Amino acid sequence: TRQAGDQVFMTGFSYGTYWIQRYLRIAPEGFTTAVVLDGVCPPDLCRLTEQDKSQDAIGKEILKLCVEKSEVCKNALGKNPVETLESLLNLTDSDNLQTPNCPKMFGLSREHIQSWLSTYTQTDNRVFVAPIINMMLRCSATDITKISHILNTMTLDSSHASSVQDKELVWNILLGYNIILSEMYSNVVPPPTEQQFLEIDANLTLPLYFAPKLGSGYFLWNKYNPNQFPNYGKYPNTKIPMLLLQGTLDGQTQFDWGFHASGHYKHPQQYFGE
């Protein structure tokens, strides 16, 4: 319980920054001493169907930086790492007879590899992206053993995450999707369909394939109308000290989003940091 004189600091990451800003709309001076928004999800721009395109751009930038900063990476992926990745993706074609062919050996489609590596670029696992591409292309006996270990680890991690969520209710998936599909789907009118998102992703190198998944349920879901709420899509008018932090390699919350949001927080002791 808060005692008289206690200070309260609120920190939100990514999706959490969306809800802190909603809270500050309701209680602009509230009980909060200061706020940190890390990876800003602006109320007027944060739409999750943009993630495939932004994550594709970030993934390519990470590969580019890898070969620019590391001779080991350059030796593994060459001067054009995106072309090297495309060579790997082309191995998934049914008429490709290269032997050994690691993607086929592990039953991995183009979409599997793309979403796998794109997901890795979202976290500290991004350091494994270049080695995985190199091993999958080389496909030696040692590489096959290492790739098998990675894939098995991913399966175990996924199973563990599910069991934790079931027991501790870390994430209520129905509530989450209800919010996402109702108020964080797309600003485009009319809303894009699953097929339209698939066509967009077909032209990307490292899509998450997240937008088509949302599109598959959007027109079937019994959504609420967010416009019935006066605080939807609006920024709080608050003087609470605030620090907005935005990375340049965050595909989930784009740098432009954070910079845009910072224009709405101009009171003293409200700062934007890159």
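The values are calculated or read from the model by the stated rules, or taken from the named source; none is laboratory data. Being a predicted model, the structure only gives us computed values, none of them experimental. No Cβ is skipped: glycine too gets one built from the backbone with ideal geometry, and neighbour counts run over all protein chains shown. Protein only, heavy atoms only, side chains kept; ligands, DNA and RNA dropped before computing areas. Shrake-Rupley method; radii C 1.70, N 1.55, O 1.52, S 1.80 Å.
Each residue of the stretch 7-12 was assigned a 3J(HN,Hα) from its phi angle through the Karplus expression (A = 6.51, B = -1.76, C = 1.60, θ = phi - 60°), giving 9, 10, 10, 10, 10, x Hz with x at Gly and Pro. For VAL36, the residues whose amide H sits under 5 Å from its own are MET10, THR11, GLY12, LEU243, ignoring neighbours fewer than 5 places away on the same chain, with H placed 1.01 Å from N. Solvent-accessible area of PHE210, all protein chains in place: 50 Å² (probe radius 1.4 Å, heavy atoms, ligands and nucleic acids excluded).
Rank GLY5, LEU204, LEU108 by how far each Cα sits towards the positive end of the charge dipole of the chain (+1 on Lys, Arg Cβ; -1 on Asp, Glu Cβ) and give me just the farthest. The listed residue farthest towards the positive side: GLY5. Rounded to the nearest 20 debye, the dipole magnitude of the stretch 1-57 is 180 debye, with +1 charges on Lys and Arg beta carbons, -1 on Asp and Glu beta carbons, and the Cα centre as origin. The value given for the chain is a Kirkwood hydrodynamic radius of 21.0 Å, derived from the mean inverse Cα-Cα separation. The stretch 97-156 and the stretch 14-42 have their alpha-carbon centroids 39 Å apart.
Students often get this wrong, so check it: of LYS64/LYS223; LYS53/LYS223; LYS213/LYS239; LYS79/LYS146; LYS79/LYS104; LYS64/LYS234, which have C-alpha atoms separated by over 31 Å? Distance filter (> 31 Å) returns LYS64/LYS223; LYS213/LYS239; LYS64/LYS234.
Under a model in which nothing but the beta-carbon of Lys, Arg (+1) and Asp, Glu (-1) is charged, the chain shows a dipole of about 420 debye around its Cα centre.
All alpha carbon pair distances within the stretch 186-274 were sorted into 5 Å bins beginning at 0; the resulting P(r) in whole percents reads 2, 11, 14, 15, 17, 16, 13, 8, 3, 0. With the whole protein complex present, ASP44 retains an accessible surface near 50 Å², based on a 1.4 Å probe.
Subtracting the Cα-Cα distance of VAL8 and GLN228 from 0.36 nm times their residue separation leaves 76.1 nm of extension gain. Legend: calculated FRET efficiency, PHE128 to ASP44, from the Cβ-Cβ distance at R0 = 25 Å, rounded to 0.05, equals 0.10. Heavy-atom accessible area, probed at 1.4 angstrom with all protein chains present, ranks MET10, MET136 as MET10, MET136, highest first. A cut-off of 5 Å between modelled amide H atoms, ignoring neighbours fewer than 5 places along the same chain, links GLN270 with MET242. Rounded, prolate or oblate: pick one for the stretch 225-266, where a ≥ b ≥ c are the square roots of the eigenvalues of its C-alpha gyration tensor, a/c under 1.5 means rounded, and failing that, prolate if a/b is larger than b/c, else oblate. Here the stretch 225-266 falls in the oblate category. Of the listed residues VAL127, VAL82, VAL189, the order by accessible area with a 1.4 Å probe, largest first, is VAL189, VAL127, VAL82.
Only Cα pairs under 8 Å and 6+ residues apart enter the sum, and on that basis the relative contact order of the chain stands at 33 percent.
Accessible area per residue (1.4 Å probe, heavy atoms of protein chains only) ranks VAL72, VAL129 as VAL72, VAL129, with the largest value leading.
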